[in-house]
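Supplied in structure tokens, the structure appears directly below.
The values are calculated or read from the model by the stated rules, or taken from the named source; none is laboratory data. Predicted model, so just to flag it, every value in this text is computed and none were measured. FYI the Cβ positions are ideal-geometry reconstructions off the backbone, even for glycines, and counts take in every protein chain you see.
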Amino acid sequence: MPETRELLIIGSGPSGLTAAVYAARANLHPLMVEGIGAGGQLMLTTDVENFPGFPDGILGPELMMKFREQAERFGTEFVTADVDRVDFDGPPFRAWVGEREIVAESVIVSTGATARMLGLPSEQRLLGHGVSTCATCDGFFFREQPIAVIGGGDSALEEALFLTKFATSVTVVHRRDELRGSKIMQERAFANPKISFRWNSAVEEMLGDTKVEALRLRDTVTGDVSDLTVSGAFVAIGHTPNTSLFVNQLDLDENGYVLTGPSSTSRRATGPTCW
């Protein structure tokens, strides 16, 4: 038999867990399906120093555990699994976790996005040890050090410009010979004396035993290989929204992000809320 809940929360990053704290305190008895990769992108961040209340900083996974403990304290129940499918034709709304069917009067979707990675074994090995996908999270730890940003779109240029506040130099590594970012972002990057560019360059390996020491680059035109000495590498090649579950259930834009608004959150004005 299906189990009935007042509120179902799908996703367990900072926004989902914040929603759980508020909902639990309002006696909505939320059930959170937190997913196999619980905790969101902060699980990939070592030190977090810009979150209020932690003057000495806190590890990303530790911070997310505190979020979870707080939500649990007020009565949030957790399912550590992925939602397999949903039916938002309600209310009520339905979700399935394996053979378990959950019927909910309200649903909060907080599945977030996943940073795109290069797919290198060395990248995974050094993630959190010089490899990052978040300049605002980790840039502070690279003060007076050379840094590389990998990518050529607006995200990469924004990261590069932000990192010049800390780094001695920022090298933008791009596979092509021209940027894909907007004109104004390109102008700002070209005008910044701390930013340089390695054109037609693909990262073949991230070098270092316990932390990033250099990037091995291959010229996409000549095939030549060279090493770029850096202390940090920020991968900024975009994000993939975790919304494949909601195709034909919620209104998505051309990139897969959920459209929000009074009547666009879902195909029904009474549909789920998206955080």
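Is one or more of the residues making up region 111-124 assigned to a loop (DSSP other than H, G, I, E, B) and under 30 Å from residue 76 (Cα atoms)?
Yes; the residues of region 111-124 include at least one that is assigned to a loop (DSSP other than H, G, I, E, B) and under 30 Å from residue 76 (Cα atoms).
Further, regarding this structure: Quick check on region 172-180. Is at least one of its residues under 30 Å from residue 223 (Cα atoms) and acidic (Asp, Glu)?
yes
In region 229-268, which residue that is of a type in the set (Ser, Thr, Tyr), modelled with pLDDT of 90 or more and part of a loop (DSSP other than H, G, I, E, B) is farthest from the chain's Cα centre (by Cα)?
Looking at residues that are of a type in the set (Ser, Thr, Tyr), modelled with pLDDT of 90 or more and part of a loop (DSSP other than H, G, I, E, B), I get 231.
From the list 23, 38, which residue is crowded, with 17+ Cβ neighbours inside 10 Å, at pLDDT 95 or above and either assigned to a loop (DSSP other than H, G, I, E, B) or out of contact with any helix residue (DSSP H, G or I) (no Cβ under 8 Å at 6 or more places or on another chain) (or both)?
On the way: 38 fails: at pLDDT 95 or above.
When all the criteria are applied, what remains is 23.
Mind telling me which of the residues 207, 217, 179, 161 ends up being within 19 Å of residue 134 (Cα to Cα), surrounded by 13 or more Cβ atoms within 10 Å (Cβ to Cβ) and either in contact (Cβ under 8 Å) with a residue 24 or more places away in the chain or not assigned by TED's automatic domain parsing to the domain that holds residue 147 (or both)?
Exactly one residue qualifies, and that residue is 161.
Six or more apart or on different chains, Cβ under 7 Å: which pairs go from a residue in region 76-100 that's closer than 17 Å to residue 1 by Cβ to one that's of a type in the set (Lys, Arg) and part of a strand (DSSP E or B)? Could you list them?
Partner pairs satisfying both residue conditions: 87/94; 96/85.
Grab the strands (runs of 3 or more DSSP E) fully contained in region 153-225, keeping just those with 2 or more residues being closer than 17 Å to residue 118 by Cα and of a type outside the set (Val, Ile, Thr).
Once the strands (runs of 3 or more DSSP E) in region 153-225 are filtered for at least 2 residues that are closer than 17 Å to residue 118 by Cα and of a type outside the set (Val, Ile, Thr), what remains is 201-207, 214-219.
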